[in-house]
Amino acid sequence: MERCAPVENAIPPMTDLTADNITENVVAINSTCSDARGKFIFERAVHHLHDFAREVRLSSEEWMIGINFLTKVGQISDDLRAEMILLSDTLGLSMLVDSIDHPRIGEVTEGTVLGPFHTHDAPDTDLGYTLHGDPDVTRLFVLSTVKDTKGNPIADAKVDVWEGDSHGFYDVQNFNRQGPDGRAVLHTNSEGMLFFNAIVPVPYPIPDDGPVGAMLRFLNRHPNRPGHIHVMLQKDGYDKLTTALYPRGDPFETSDPVFGVKESLIVDLGEVDDEIAENYGVKKGTALLKYNFVLATDEEARAMREKKAIEAMKKQNRKMKMLNGLPIPDLD
């Protein structure tokens, strides 16, 4: 007994365990958790996992295949390779969670997946920055505004942008990576303007040399993402937006393996005219991407999340209350 951990709470006694009552026993053991939201999440996770196993009559061999798969996903992941994010993305879970946590509000810009290639070492630099040093690329000038839902410009918003090179490779996929490339942190000016030099994005395969790639091949799915530019916008008082812009007409626009494409994020490219060329020092005829980002305030986003959560709980016939904007069982 001397090596056993102290038991701080009374443990509900377990009954004789069977396939029919194992779930209620696990929930009972977890019931002393003092975090109401965490307890609710674990309760539902256990129920759904157990129901899944019962529904498909999961065999021990199949579950071991699943365990080995998840183990390999963890083992191949590191600071520059986010295989677990890739798994979440390819199962549609990332997109689902983003849609729940950042519900659409009017004309607010829709979010999409973060993806596995974001880093925290991008240079914090000035508007007009050129993301890529490669001279043999098709240049793209991105000219945007960032406003609130009432049309007011949002000044000094932090804008994280990143994209792959002309072959669809991100800098973190370069084994000889010396530092960031194809990425930057910018800040909107007093008029809420955002502009930078990029390249016309091209389609590329997500990393498919690991367990997620093996899963896609097993499911007869292709790994090819449509070309896009990632944009993350943050400003105190506003709901954080992680999104991406997709030039129209990409061959993989309707079969994105990470489910990130939304119609509102598909853009038509134009060309830099005389006025833009003169105002921003960009060569006339350069490909042009214009987009107006709209951010919700924290209050607007919180109210919409609560509204959607209450509607969802009513459909499930659950008696719930809100805690920090998230639902928990109402036991009163």
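Values in this text are rule-based calculations from the coordinates and carry no lab data. From a predicted model like this one, the values you see are computed outputs, not experimental measurements. Here Cβ is always computed from backbone atoms with ideal geometry, including for glycine, and neighbour counts include all displayed protein chains.
Could you put Asp256, Asp126, Asp20, Asp148 in order, starting from the residue whose Cβ has the fewest other Cβ atoms within 10 Å?
Values: Asp256 23, Asp126 11, Asp20 8, Asp148 18.
Ascending number of Cβ neighbours within 10 Å: Asp20, Asp126, Asp148, Asp256.
When shorter helices are ignored and each DSSP H run of at least 4 residues is given -39500 (n - 2.57), the per-residue value for the chain at 222 nm works out to -9000 deg cm²/dmol.
Taking a sphere under 13 Å around the Cβ of Ile266 and counting the other residues whose Cβ falls inside, with K and R at +1 and D and E at -1, yields a net charge of -4. The Cα-based radius of gyration and maximum Cα-Cα distance (Dmax) for region 94-296 are 16.8, 53 Å.
Where both partners of a DSSP beta bridge lie in region 94-296, what percent of those bridges are antiparallel, to the nearest 5? All intermediate terms of the calculation are to be shown ahead of the outcome.
Numbers: 27 of 40 bridges.
Restricted to region 94-296, the bridges split so that about 70 percent are antiparallel.
By Kyte-Doolittle mean hydropathy of at least 0.0 and Cα axial length of at least 20 Å, which whole DSSP H helices of the chain are selected? Long hydrophobic helices here: 60-76.
When each of Thr243, Thr15 is scored by the number of other beta-carbon atoms lying within 10 Å, the sequence from fewest to most is Thr15, Thr243. Distance between the C-alpha centres of region 286-312 and region 215-239: 17 Å, rounded to the whole angstrom.
Can you check what the net charge comes to around Phe40, using other residues whose Cβ is under 12 Å from the Cβ of Phe40 (Lys, Arg +1; Asp, Glu -1)? Walk me through the numbers on the way to the answer.
Numbers: positive: Arg37, Lys39, Arg44, Arg318, Lys321; negative: Asp35, Glu43, Asp330.
Result for the neighbourhood of Phe40: +2.
Volume of the convex hull of region 191-301 (Cα atoms only), normalised per residue: 145 Å³. Normalised by residue number, the volume inside the convex hull of the Cα atoms of region 109-170 is 126 Å³ per residue.
The spacing between region 175-193 and region 13-58, judged by their C-alpha centroids, is 45 Å.
First select every other residue whose beta carbon is under 11 angstrom from the beta carbon of Val146; then total the charges, Lys and Arg +1, Asp and Glu -1. It works out to a net charge of 0. The ranking of Thr119, Thr188 by Cβ neighbour count inside 10 Å, starting from the fewest, reads Thr119, Thr188.
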